[in-house]
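K.L.:
Before I ask anything, here is the structure I am working with.
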Amino acid sequence: MATDTMIQIEDLKKIFYTDEIETHALSGVHLNINRGEYVAMSGPSGCGKSTLLSIIGLLDTPTGGSYTLNGKAVANLNFADRSRIRNQEIGFIFQSFNLIGDLTVAENVELPLTYRAGMPATERKKRVQESLERVNMAHRMRHYPAQLSGGQQQRVAVARALAGSPSILLADEPTGNLDSKNGEAVMKLLQELHAEGATICMVTHDPRFAAHAERQVHLFDGKVVAEGELNRLLAEVEG
Amino acid sequence: MNGLMQDVTYALRQLRKAPGFTLTAVLTLALGIGANAAIFTLVHAVLLQNLPVSDPKSLVRLGDKDDCCVMGGRPENEGYSLFAYDLYKHLRDSAPEFEQLAAMQAGVSQGALTARRGASNSLSKASSGEFVSGNYFQTFGLQSYAGRLLLPSDDVAGAPMAAVLSYRAWQRDYAMDPSVVGSIFELNTHPVTVVGITPPSFYGDRMTDTPPDFYLPVTMEPILDPGALLKRPEASWLYVLGRVKPGTQIGPLQEKMSGLLRDWLIPQKVYQNADGKKALPKSHIVLTPGGVGIANMQAEYRSGLELLMGISGLVLLIACANIANLVLVRGMARRAETSIRMALGAARKRIIRQMLTESLVLACLGGVAGLAVSYAGTRMLLALAFPDSPGLPIHASPSLPMLGFAFGLSLLTGLIFGIAPAWITSHSEPAESLRGANRSTRDSASLLQRSLVVTQAALSLVLLVGAGLLTRSLNKLEHQNFGLQTENRVVIHISPDNAGYKPDQLQALYGEIEDRFRALPGVEGVGLSLYTPLEGDNWGEGVTIQGRPEPGQNDHVGASWDRVTPDFFQVIGQRILRGRGITDQDTGTSPIVAVVNETFVKKFFPNGEDPIGAHFGLDGVKSAGEIEIVGVVSDVKYVNPREAVQAMYFRPFLQHAPLSDNADVRSLFAGAIMLQMRGPSEGLEAQVRRTLANINPNLTVVNFNTFGGQIEGQFTQEKLIARLTLMFGMLALVLASVGLYGVTAYTVARRTPEIGIRMALGAGRGNVVSMVLREAMLQAGVGLAIGLPVALLCVRFLKTQLYGTGGQDPVVFAGAIVVLVVSACVAGLIPARRAASTDPVKALRTE
């Protein structure tokens, strides 16, 4: 295994069972993501990209295949270990921001840090401050999510993902709920983070935003059908 | 009207669509409303219900206290509620403001009369009779069911002896035989003609579990009772109740009656000394409304019933909070529907009306179900409050006032639990609800829900503390050291005076009773007494120790006393500590002696003087040498189990002190036989009845009980209150726990996406469980913080009901807190564990 490979996925399968119907969401996915890489995953609705992202983010477990994160097989870890790795290695950015309405901006950002045993409060506050400053939201730290615009909420969500200094940022349609201006701003932020060395894996159906990534992966019917620059991929598929 | 019908129809349809919610709400309401209606049935019957007589509002009672049954001196605070017969006549003849002024015997008890229908061969039976003035039934404006009622002409010395039989006794004992009217009965061995039957609804002049079987003219009292009170002006033994003429002012009449009282008291013996002269101007009569009759039971049960009413009200409040939560959750779930209605132009008022209608319909359904709970509850209450009292005129079946109360309570309940959810639901922003749940917003309903849970927890703590204190108090009361032995002891109440015995026949009778009972198999000891410990009776006198000055008004010289046979102390387990007990040598002709208890010695010989050989009397200094103290016995709780042992002396039967006893021969008649058995006493009652009947067919068993059972009977009211409070406390706890569970479960469901987010951010199952549990416990904790001072405050109202435990018993408080915390923990843990099993992927998909 190459030392710069952060995520290594081999023949990954995911089958959903509802009553007597089997739905093959992923049918043997092979995918490697290197440290510092910015990968965009795209594909039509129902192609399995969100399922793949859930498995990469250890929110879900595969039915088959292997998944190695930072050199450690993580596909079949128990719930507690998966929670710990999610907390320490992975930062999530969701389409609908998923901020908690009853918590202030600062508390939302601090939230993943509170699940780390032994981290002192001063350290948590310091990281919250840094993360919010990084996304230019430090001046809104005492506000509640409902008092922010969509773009601001997504910036807070990015700050929350960054606060834990994760190995990888997983973004699921991060611009899906934003207007184009705010969408562009969030993309710019991700690019800046990538430029600073962050590993990012983003799911998007919008080619304009996928173009921000240095590498694009296209899924279709639960398989990776092509990798490379998106326009070329589309041309290949259509051709 | 059309709109209302539409709302009701829609409400019924909505409730039908949610059977789980409807069933839960109706059951909760049924318990709350039913419990209140059951208590109200008792409150109405005991405290509020007028006598079933004509125009009860114009009846006025002379006196306001529940004094009973014979008073020999001056009343407490000089307020008269009991009257001598001569005094009654004086008042009646001097107060034309009364259309009628009737007198009635204060002490009516089962067994006071021995009755046998003359024409039949039936055995004599213990009955109850009440001496009343001849105008008694006229005062109440009653008509007989059969025959006629008593008339003033029956209440004249020398008139043919007549009695009126109660409808209940006629039905119960004589199968409604019409020939009873006009027939001769032997009452206390005297022939008396039953002239009529009372109307069916009439149960007497007071609520009691032993209503009289016979109403007898008061002038017959000296014939039927050897210790006649009628001609003793110093004996007050009658209640007086009258009907005032229309337009009579009660204030001036009260003044007049008090003046008449003082006029009559001036020449009385008890007002001849300095203390009496000083007390005379203060002597007075308070006039009270007489519609409820003689309100002794009201006085006895008022505080207990008011307490229970308050407690059941708290339970209903908790139930209301629970339903309000359920309705709120439903309202939130139907927010989209409400939003659509509002988007279509429905005014807030209209939405509130619809939701309130739904709540009121629900409350009415709960009220109807509550009637069934109330019926069962009332039966249980009656069994608990008045065990073995078939004569009590209180019925469990719903009465019109109870139905009205239940309906009114249902409407009130519906408003209480419906109004806040209706307001909150109607104030949701339609645009917000229609938009969906994407944006995180703060929920105003959840604050109300949590407040309701906090209220429930606080009220539950109050009830649990109350239940704990009352249960602990009852436990201490029942298990205190009474100073006597109850195991294998049996008490048989008798009435030799009713059987026609004269004082000079008693020595032989007592000897025969002792011999015959000793001969019964299994009997180890036999003792006779005027009355037995803890049966509710008490004879008291003022004691003057020889060599001491005449006691003053403020000197506490009272002592209780009893007459006993030689073996009585041994039979009840009362130890002789010094000197001797009563012996066979203490006869009617031997020196007059008494045995005193330890408290008597402490009270009258506080400086360590030797009581043995000391003398005392019961009629001041002049009588002080009459009775010699020959022994000291251990203290025994005789009178009131809630109070300290009273100073007490015991005298042999048949010894009469010429100066002290005021010619009162009533005390010579034994009221009870106490048997000490070698083992359990199954089948003994029939043997006892046979044995007594063999001595004299008129010697009936007034009451048969084990000694333990008799003592237990002293705690009926405490048991009722403690058990009901405990039951209500547990019900409140269950309701509060269900409420907490419901709110926590709802919160968990509402927060599923948030929980998903937290899990995505790395929260483990433990984190989620502790988060949910922490919130549930926080609500319980706030409830505790509020409930604790409230409970401390409320305990003040309980203090009069407590025995042997302070209002701030730390064990009870700690216990109540632990129970509440554990319940909250269990109620919170179920949804917490469910939250921990949330699948983050699904949760995020929901979002």
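The values are calculated or read from the model by the stated rules, or taken from the named source; none is laboratory data. These numbers were taken from a predicted model, which means no experiment stands behind them. Note: ideal-geometry Cβ built from the backbone for every residue, glycine included; neighbour counts use all protein chains shown.
K.L.:
Within the bounds of segment A:158-178, is there any residue that is of a type in the set (Val, Ile, Thr) and exposed (fewer than 14 other Cβ atoms within 10 Å of the Cβ)? Break it down stepwise before answering.
P.N.:
Start the filter on segment A:158-178 by keeping residues that are of a type in the set (Val, Ile, Thr), which leaves A:158, A:168, A:175.
Imposing the further condition that a residue be exposed (fewer than 14 other Cβ atoms within 10 Å of the Cβ) reduces the set to none.
No.
K.L.:
Inspect all residues belonging to segment A:14-27 and state whether any of them is away from chain B (no Cβ under 14 Å) and touching a residue at least 60 places away in the same chain (Cβ under 8 Å).
P.N.:
yes
K.L.:
Next up: For B:PHE715, are the conditions met, namely being of a type in the set (Phe, Trp, Tyr), in a helix (DSSP H, G or I) and touching a residue at least 12 places away in the same chain (Cβ under 8 Å)?
P.N.:
Numbers: of a type in the set (Phe, Trp, Tyr): yes; in a helix (DSSP H, G or I): yes; touching a residue at least 12 places away in the same chain (Cβ under 8 Å): yes.
Judged against the criteria, B:PHE715 is a match.
K.L.:
Report, by residue number, each residue of segment A:74-86 that is among the aliphatic types (A, V, I, L, M) and within 12 Å of chain B (Cβ to nearest Cβ).
P.N.:
Here is the first cut: in segment A:74-86, the ones among the aliphatic types (A, V, I, L, M) are A:74-75, A:77, A:80, A:85.
Result: A:ALA80, A:ILE85.
K.L.:
Looking at the structure I just gave you, is B:ARG92 touching a Leu at 6+ places or on another chain (Cβ under 7 Å), assigned by TED's automatic domain parsing to the domain that holds B:VAL192, assigned to a strand (DSSP E or B) and modelled with pLDDT of 90 or more? Before the answer, list the steps.
P.N.:
Numbers: touching a Leu at 6+ places or on another chain (Cβ under 7 Å): yes; assigned by TED's automatic domain parsing to the domain that holds B:VAL192: yes; assigned to a strand (DSSP E or B): no; modelled with pLDDT of 90 or more: yes.
Considered against the rule, which asks whether it is touching a Leu at 6+ places or on another chain (Cβ under 7 Å), assigned by TED's automatic domain parsing to the domain that holds B:VAL192, assigned to a strand (DSSP E or B) and modelled with pLDDT of 90 or more, B:ARG92 comes out as no.
K.L.:
Hey, does segment B:457-475 have a residue that's more than 34 Å from the chain's Cα centre (by Cα) and outside the structural domain of B:GLY32 (by TED's automatic domain parsing)?
P.N.:
From segment B:457-475, those more than 34 Å from the chain's Cα centre (by Cα) are none; that's our starting set.
There is no residue in segment B:457-475 that is more than 34 Å from the chain's Cα centre (by Cα) and outside the structural domain of B:GLY32 (by TED's automatic domain parsing).
K.L.:
Scan A:LEU178, A:LEU162 and give me the residue that is farther than 20 Å from A:PRO112 by Cα and either modelled with pLDDT of 90 or more or within 14 Å of another protein chain (Cβ to nearest Cβ) (or both). Give the derivation first.
P.N.:
Details: A:LEU162 fails: farther than 20 Å from A:PRO112 by Cα.
Answer to the selection: A:LEU178.
K.L.:
Given the conditions (1) at pLDDT 85 or above; (2) among the hydrophobic types (A, V, I, L, M, F, W, C); (3) out of contact with any Ser or Thr (no Cβ under 6 Å at 6 or more places or on another chain); (4) buried (at least 19 other Cβ atoms within 10 Å of the Cβ), which single one is not true for B:ALA785?
P.N.:
For B:ALA785, the failing item is (4).
K.L.:
Okay, moving on. Search segment A:47-57 for residues being in a loop (DSSP other than H, G, I, E, B) and within 14 Å of chain B (Cβ to nearest Cβ), and hand back the single one that is farthest from A:GLY228 (Cα to Cα).
P.N.:
Restricting attention to segment A:47-57, the residues satisfying the condition of being in a loop (DSSP other than H, G, I, E, B) are A:47-48, A:57.
Next, only the ones that are within 14 Å of chain B (Cβ to nearest Cβ) stay: A:48, A:57.
Numbers: A:GLY48: 18, A:GLY57: 23 Å.
Result: A:GLY57.
K.L.:
Would you confirm, using the coordinates I've provided, whether B:ASN36 is at positive phi and outside any strand (DSSP E or B)? Even if it seems obvious, please write down each step before you answer.
P.N.:
Numbers: at positive phi: no; outside any strand (DSSP E or B): yes.
So B:ASN36 fails the test.
K.L.:
Could you list, in sequence order, all residues of segment B:23-42 that are surrounded by fewer than 20 Cβ atoms within 10 Å (Cβ to Cβ) and either at pLDDT 85 or above or under 30 Å from B:GLN298 (Cα atoms) (or both)? Let's see the steps before the verdict.
P.N.:
Of all residues in segment B:23-42, those surrounded by fewer than 20 Cβ atoms within 10 Å (Cβ to Cβ) come to B:23-24, B:27.
Once the filter is applied, which keeps residues that are surrounded by fewer than 20 Cβ atoms within 10 Å (Cβ to Cβ) and either at pLDDT 85 or above or under 30 Å from B:GLN298 (Cα atoms) (or both), segment B:23-42 yields B:LEU23, B:LEU27.
K.L.:
Which one of the conditions (1) surrounded by fewer than 21 Cβ atoms within 10 Å (Cβ to Cβ); (2) hydroxyl-bearing (Ser, Thr, Tyr); (3) in the same structural domain as B:ILE351 (by TED's automatic domain parsing) does B:SER303 fail to meet, given that it meets all the rest?
P.N.:
Going through (1) surrounded by fewer than 21 Cβ atoms within 10 Å (Cβ to Cβ); (2) hydroxyl-bearing (Ser, Thr, Tyr); (3) in the same structural domain as B:ILE351 (by TED's automatic domain parsing) one by one, B:SER303 breaks only (3).
K.L.:
Given the criteria at pLDDT 90 or above and touching a strand residue (DSSP E or B) at 6+ places or on another chain (Cβ under 6 Å), does B:ASN597 qualify?
P.N.:
On the way: at pLDDT 90 or above: yes; touching a strand residue (DSSP E or B) at 6+ places or on another chain (Cβ under 6 Å): yes.
Yes; evaluated as a whole, the condition is true for this residue.
K.L.:
Which ones in segment B:114-144 are modelled with pLDDT of 85 or more and part of a loop (DSSP other than H, G, I, E, B)?
P.N.:
Within segment B:114-144, B:SER128, B:SER133, B:GLY134, B:ASN135, B:GLY141, B:LEU142, B:GLN143, B:SER144 qualify.
K.L.:
Quick one: which residue in B:SER590, B:SER560 is in the same structural domain as B:TYR510 (by TED's automatic domain parsing), closer than 18 Å to B:ALA670 by Cα and either surrounded by fewer than 16 Cβ atoms within 10 Å (Cβ to Cβ) or of a type in the set (Gly, Ala, Ser) (or both)?
P.N.:
Numbers: B:SER590 fails: closer than 18 Å to B:ALA670 by Cα.
Within the list B:SER590, B:SER560, the selection yields B:SER560.
K.L.:
To continue, here is another question. Give the residue that is surrounded by the fewest Cβ atoms within 10 Å (Cβ to Cβ), with candidates limited to residues of segment B:470-508 that are polar (S, T, N, Q) and not in a helix (DSSP H, G or I). Let's see the steps before the verdict.
P.N.:
From segment B:470-508, those polar (S, T, N, Q) are B:471, B:473, B:475, B:480-481, B:485-486, B:488, B:495, B:498, B:505, B:507; that's our starting set.
Pick out the ones that are also not in a helix (DSSP H, G or I) and you get B:480-481, B:485-486, B:488, B:495, B:498.
On the way: B:GLN480: 13, B:ASN481: 8, B:GLN485: 15, B:THR486: 18, B:ASN488: 17, B:SER495: 22, B:ASN498: 27.
Result: B:ASN481.
K.L.:
Further question: Give segment A:80-114 a look and list any residue that's free of Cβ contacts under 8 Å to residues at least 40 places away in the same chain and among the hydrophobic types (A, V, I, L, M, F, W, C), or say none.
P.N.:
A:ALA80, A:ILE85, A:ALA106
K.L.:
Another question about this same structure. Report those strands (runs of 3 or more DSSP E) wholly inside segment B:615-700 carrying at least 2 residues which are closer than 14 Å to B:TRP561 by Cβ.
P.N.:
Numbers: elements: B:615-617, B:627-633, B:648-652, B:672-677.
Filter on segment B:615-700 gives B:615-617, B:627-633, B:648-652.
K.L.:
In the list B:ARG750, B:ARG774, B:ARG758, which residue meets the criterion of being within 14 Å of chain A (Cβ to nearest Cβ) and surrounded by 20 or more Cβ atoms within 10 Å (Cβ to Cβ)?
P.N.:
Values: B:ARG750 fails: surrounded by 20 or more Cβ atoms within 10 Å (Cβ to Cβ); B:ARG774 fails: surrounded by 20 or more Cβ atoms within 10 Å (Cβ to Cβ).
So the residue among B:ARG750, B:ARG774, B:ARG758 that is within 14 Å of chain A (Cβ to nearest Cβ) and surrounded by 20 or more Cβ atoms within 10 Å (Cβ to Cβ) is B:ARG758.
K.L.:
Here's something else I'd like to know. Would you mind stating whether B:PHE650 is under 15 Å from B:PRO533 (Cβ atoms), crowded, with 17+ Cβ neighbours inside 10 Å and at pLDDT 90 or above?
P.N.:
Considered against the rule, which asks whether it is under 15 Å from B:PRO533 (Cβ atoms), crowded, with 17+ Cβ neighbours inside 10 Å and at pLDDT 90 or above, B:PHE650 comes out as yes.
K.L.:
Looking only at segment A:87-132, filter to residues that are part of a helix (DSSP H, G or I) and among the β-branched types (Val, Ile, Thr); which one of those is farthest from the other protein chains (Cβ to nearest Cβ)? Spell out how you get there, then give the answer.
P.N.:
Keep residues of segment A:87-132 that are part of a helix (DSSP H, G or I), which gives A:87-89, A:105-114, A:121-132.
Now restrict to residues that are among the β-branched types (Val, Ile, Thr): A:105, A:109, A:114, A:122, A:128.
On the way: A:VAL105: 12, A:VAL109: 10, A:THR114: 8, A:THR122: 20, A:VAL128: 14 Å.
Among residues in segment A:87-132 that are part of a helix (DSSP H, G or I) and among the β-branched types (Val, Ile, Thr), the one farthest from the other protein chains (Cβ to nearest Cβ) is A:THR122.
K.L.:
Please work out which residue is nearest to B:GLN710 (Cα to Cα), limiting yourself to segment B:458-512 and to residues that are at pLDDT below 90 and among the acidic types (Asp, Glu).
P.N.:
B:GLU478
K.L.:
Also, I was wondering about something else. Scan segment B:32-51 and tell me whether some residue there is polar (S, T, N, Q) and more than 28 Å from B:ALA732 (Cα to Cα).
P.N.:
Filtering segment B:32-51 for residues polar (S, T, N, Q) gives B:36, B:41, B:49-50.
Of the ones still in play, those that are also more than 28 Å from B:ALA732 (Cα to Cα) are B:49-50.
Yes; the residues of segment B:32-51 include at least one that is polar (S, T, N, Q) and more than 28 Å from B:ALA732 (Cα to Cα).
K.L.:
Pick from segment A:5-46 the residues that are in a loop (DSSP other than H, G, I, E, B) and modelled with pLDDT of 90 or more: which of them is surrounded by the most Cβ atoms within 10 Å (Cβ to Cβ)? Before you say what the answer is, go through the steps one by one.
P.N.:
Going through segment A:5-46, the residues in a loop (DSSP other than H, G, I, E, B) turn out to be A:19-20, A:35-37, A:43-46.
From the residues that got through so far, the ones that are modelled with pLDDT of 90 or more too are A:35-37.
Numbers: A:ARG35: 16, A:GLY36: 15, A:GLU37: 20.
Applying the filter and picking the extreme gives A:GLU37.
K.L.:
Given B:PRO533, B:PRO606, which one is more than 31 Å from the chain's Cα centre (by Cα) and assigned to a loop (DSSP other than H, G, I, E, B)? Lay out the reasoning, then the answer.
P.N.:
Working: B:PRO533 fails: more than 31 Å from the chain's Cα centre (by Cα).
Only one candidate passes the filter, namely B:PRO606.
K.L.:
If I ask for residues that are without any contact (Cβ under 8 Å) to a residue 60 or more places away in the chain and not in a helix (DSSP H, G or I), which ones from segment A:180-205 would you list?
P.N.:
Within segment A:180-205, the subset without any contact (Cβ under 8 Å) to a residue 60 or more places away in the chain is A:180-189, A:192-193, A:195-196.
Matches in segment A:180-205: A:GLU196 only.
K.L.:
Can you tell me which residue in segment A:58-73 is farthest from A:GLY222 (Cα to Cα), limited to those that are more than 14 Å from every other protein chain (Cβ to nearest Cβ) and free of Cβ contacts under 8 Å to residues at least 40 places away in the same chain?
P.N.:
In this case the residue turns out to be A:LYS72.
K.L.:
Any idea which of B:ALA722, B:ALA736 is touching a residue at least 60 places away in the same chain (Cβ under 8 Å), more than 14 Å from every other protein chain (Cβ to nearest Cβ) and either part of a loop (DSSP other than H, G, I, E, B) or under 21 Å from the mean Cα position of the chain (by Cα) (or both)?
P.N.:
Numbers: B:ALA736 fails: either part of a loop (DSSP other than H, G, I, E, B) or under 21 Å from the mean Cα position of the chain (by Cα) (or both).
Answer to the selection: B:ALA722.
K.L.:
Output yes when any residue across segment A:28-38 is of a type in the set (Phe, Trp, Tyr), in contact with an Asp or Glu (Cβ under 9 Å, 6 or more places away or on another chain) and within 14 Å of another protein chain (Cβ to nearest Cβ), and no when none is.
P.N.:
Here is the first cut: in segment A:28-38, the residues of a type in the set (Phe, Trp, Tyr) are A:38.
Still in the list and also in contact with an Asp or Glu (Cβ under 9 Å, 6 or more places away or on another chain): A:38.
Cutting the leftovers down to within 14 Å of another protein chain (Cβ to nearest Cβ) gives us none.
No, the conditions are met nowhere in segment A:28-38.
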